[in-house]
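One structure is given here, and the rest of the page talks about it.
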Amino acid sequence: MIAWLNGKLSWKDHSYVIIDIGGVGYQVRISLSTYRTLPDLNAAVKLHTYLHIKEDAHTLYGFAEGDEKALFLHLISVSGVGPGTALLILGSLPAAELETAILREDLRTLSGIKGIGTKTAQRLVLELKDKVRKDSISGEIPGIPSLQAGNTARAEALSALVTLGLNKPAAEKTLDAIIKRDGNALSVEDLIKRALKPS
């Protein structure tokens, strides 16, 4: 298996690149998010890769970050999601947003991706939620303030709500929605009050 390629960027396009390594040009399919990170032509580039083997083709897929590659591998493990669809998904949503949508079972966001219907969105949530939660430390996604470990107000509010008898997953979902809507600077008291308001 080819884990990564490190060479000169000879060609770049929105869908693929060619990397020159010792006079051999490797054509690698990429997502839009990886394309945005590429250097200028003839500059050094390193991509994490996955080699997809079919009867009629051996195709290399490349990723700027190892996390994106890991998410790609999760996506293609889902029934009905091939490498092309996985690249489309990764190009439509940043990895952190995609992981958050899966963890929050946000079918609206997932089915809003071109080529992803409701059934596929449901499969993504069903088959990937546990994997994504396991990969993300304690189910927390870096870069999403509402899920950061340092958010002590959220943790304290969650503890209080559970003590008051609320279901923990429902309380987490409510708090995350409040923080996403109203910001990350709310006090514990404000979070609890807003969480207890009837929707």
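The values are calculated or read from the model by the stated rules, or taken from the named source; none is laboratory data. All of these numbers come straight from a predicted model, not from anything done at the bench. Every residue, glycine among them, receives a Cβ derived from its backbone with ideal geometry; neighbour counts consider all protein chains shown. Accessible surface is based on the protein model in full, side chains and every heavy atom, while ligands, DNA and RNA are left aside. Shrake-Rupley method; radii C 1.70, N 1.55, O 1.52, S 1.80 Å.
Observations on the model:
- Virtual spin-label span in nm between HIS14 and VAL162, 7 Å along Cα→Cβ: 4.6 nm
- Candidate lysines - alpha carbon under 26 Å from LYS197, same-chain residues fewer than 8 apart omitted: LYS168, LYS173, LYS180
- Taken per residue, the accessible surface of the chain reaches 57 Å², heavy atoms only and a 1.4 Å probe.
- FRET efficiency for SER79 and LYS134, using Cβ-Cβ distance with R0 set to 25 Å, rounded to 0.05: 0.80
- Order of exposure, largest accessible area first, which applies to ARG29, ARG154, ARG36 with probe 1.4 Å: ARG36, ARG29, ARG154
- Angle of helix 66-76 to the longest C-alpha principal axis of the chain, folded into 0 to 90 degrees and rounded to 10: 90°.
- All-pairs alpha carbon distance profile, the chain, 10 Å steps from 0, percent: 8, 30, 28, 19, 10, 4, 0
- Whether the range 55-139 is rounded, prolate or oblate, judged on the alpha carbon gyration tensor where a/c under 1.5 counts as rounded: oblate
- Using a simple spin-label model with pseudo-atoms 7 Å out from Cα toward Cβ, LYS114 and ALA3 lie 3.5 nm apart.
- Calculated FRET efficiency for the pair VAL188/HIS58, C-beta based, R₀ 41 Å, to 0.05: 0.15
- Residue-wise HN-Hα couplings along the range 3-14, as the Karplus relation 6.51 cos²θ - 1.76 cosθ + 1.60 with θ = phi - 60° gives them from phi, are 7, 7, 10, 9, x, 9, 7, 8, 8, 9, 9, 4 Hz; Gly and Pro carry x.
- HIS74 accessible area, assembled protein chains, probe 1.4 Å, Å²: 40 Å²
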